[in-house]
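Everything below concerns the one structure shown next.
What follows draws every value from the coordinates through simple rules; no lab data is involved. Keep in mind the model is a prediction, meaning the values are calculated, not measured. Glycine also receives a Cβ, built like all others from the backbone with ideal geometry; neighbour counts cover every protein chain displayed.
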């Protein structure tokens, strides 16, 4: 490879790695597997090694890949929280051993431990009391997440001895059992579950509300002493025994081993037993045990030279595709699932894998009877990699009707998903009910996921309109001593009949029709019958709505069950039209567009948006020539500058209040 070609490839790899770093560390939403990411980094390392003049200090191979979020106060680590150098073969481990022996004379001992795929944290103790906890961040600066770490039962809040100062490093993770439960909860609430347990742990720990973190049942294991006063250790094994004595749960260590061959044997054993751990591991770490030897070996700005992380390749096996099942999710999406001959991967037997959507299957040309290659993505979720050999089956076609309710299925042009839009579809009933009773919809306070699930399980509620058939006698089936709760539930049901017309539209759960679109529909068409009879052209003529909204509305009212639900709700005296007071209520901001920026003193964003929308206006996120007003508070940012450059009228909170007062609002 010539230097110009290498330069281009290095630039391309660095940009890709930085992009995926952002997806992984900042957004907790990786788009590629750890293995694919590792291979990119390995390619970059090789090129930079071959063309040393192209290596730079800011390359992803030279710096830790994390970051410190602006959501939390920053913590500067006194002892840098470095990464580990990755390797992928026995030969690389033997080369690591050879490098180590060139620097360290005499006998060398190695410790091996599983490499937990979680979120690395620092825990600080003063006089035996937990005082601060932080994430790794970029290795030098992390995030203060003390309040969230306090909620994790595995982390001792008081040590068994009064150590003057101790800083330890550990890994926060979500066990497979808790990850499965959390994923099911997400699906029940109509949310997208995290892709793997590492993302779930990271997202849960970095919540602004510690109560949310507490509800996620996180776990933690400690694996290193970062700093300690008035005590020293000879080796890693000794330090781990001390941490256990202090009350910490520690990562399992194996050894010491006097040869790398012994360490490699243990690494293979750990890899074969991956399915026996209750947390995700992506490799094993081999460390020099002796601390004086570690001092001799030193390190780079990114990783120590006394440790190496062996990354396990994804385990892949062939299987025969026996059939494809179709499951209807809580959001109405119909997902094909491959059923194949059982194979053992990462210690567990698997025979099913989600095939995602029609495009995924057709791209890989998956057909019944094929021999397929299967692996576990991130060592957790089985996935079909490719077709090894066709078995003579016909090309795949998605079903035309819902496997749950037999309603026609719809695939919108801008989506890969095929979905059922029948609100009465039993497979997605709970999700529709939870949306229907939510605060921004019918606001049925007290009717949460647990109660809704019980009502559906007992077949008391089988459609949205059944909510209004509930009474004291029906609720009493849940037992005695809940009279107060029953009274509250019935009161909430009655109060919901006063919800505004736009809230009713939103509550129906029409795909792509959110709160703002519901307000636009209510204001323009005035009643449900007009919306039901509207053509695509009439809907798209409403400023703020387009082809996506029109298709969703037309598809919704094509289904007889949906029309029946609307009719039933009307019979229960739910508002199906804009009231005269709503239609003509002093709309001083009629057809005016606002953009909000900065922090307001007397209003939250939600509160001021509601005032503007109630008075006929619209709130948008971006400034343009079509913007009528920019309402700004403290620290307004670039939106204010752009508004002024475009000549848009910019008003303060006081001017907004004065305007309301003059208009007698």
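Annotations for the structure displayed:
- On the beta carbon distance between residue 371 and residue 563, with R0 = 60 Å, the FRET formula returns roughly 0.80.
- Note on residue 316 and residue 211: with the Förster distance fixed at 45 Å, the Cβ-Cβ geometry gives a FRET efficiency of about 0.60.
- Look at the alpha carbon pairs under 8 Å that are at least 6 residues apart: their mean separation over the length of the stretch 346-440 gives a relative contact order of 22 percent.
- Counting neighbouring beta carbons within 10 Å and listing from fewest to most, the residues 489, 306 come out as 489, 306.
- Length released on extending from residue 192 to residue 363, taking residue separation times 0.36 nm less the Cα-Cα span: 59.2 nm
- Mean separation of Cα contacts under 8 Å, 6 or more apart, over the residue count of the chain: relative contact order %: 9
- Listed peptides 431-443, 589-601, 193-205 appear in the order 193-205, 431-443, 589-601 once ranked by packing, highest mean of other Cβ atoms within 10 Å at the front.
- Modelled this way, with points 7 Å down the Cα-to-C-beta line, the labels at residue 487 and residue 638 are 5.6 nm from one another.
- Sequence-distant contacts, meaning Cα pairs under 8 Å at least 6 residues apart, place the relative contact order of the stretch 316-389 at 32 percent.
- Segments 167-175, 515-523 sorted - mean Cβ within 10 Å per residue, highest first: 167-175, 515-523
- Against the chain, whose longest principal axis comes from its Cα atoms, helix 560-571 is set at around 60 degrees.
- Kirkwood Rh and Cα Rg combined as Rg over Rh, evaluated for the stretch 74-311: 0.97
- Extension gain from residue 606 to residue 354, taking 0.36 nm per residue of separation minus the Cα-Cα distance: 86.9 nm
- Modelled this way, with points 7 Å down the Cα-to-C-beta line, the labels at residue 259 and residue 165 are 4.4 nm from one another.
- Angle of helix 605-614 to the longest C-alpha principal axis of the chain, folded into 0 to 90 degrees and rounded to 10: 20°.
- By other beta-carbon atoms within 10 Å, ranking 482, 324 with the fewest at the front produces 482, 324.
- On Cα atoms only, tilt of 90-103 relative to the major axis of the chain in degrees: 50
- Ordering of 496-508, 637-649, 234-246 by packing [mean C-beta count within 10 Å, highest first]: 496-508, 234-246, 637-649
- Taking label positions 7 Å along the Cα-Cβ direction at both residue 180 and residue 529, the computed distance is 5.3 nm, reported to one decimal.
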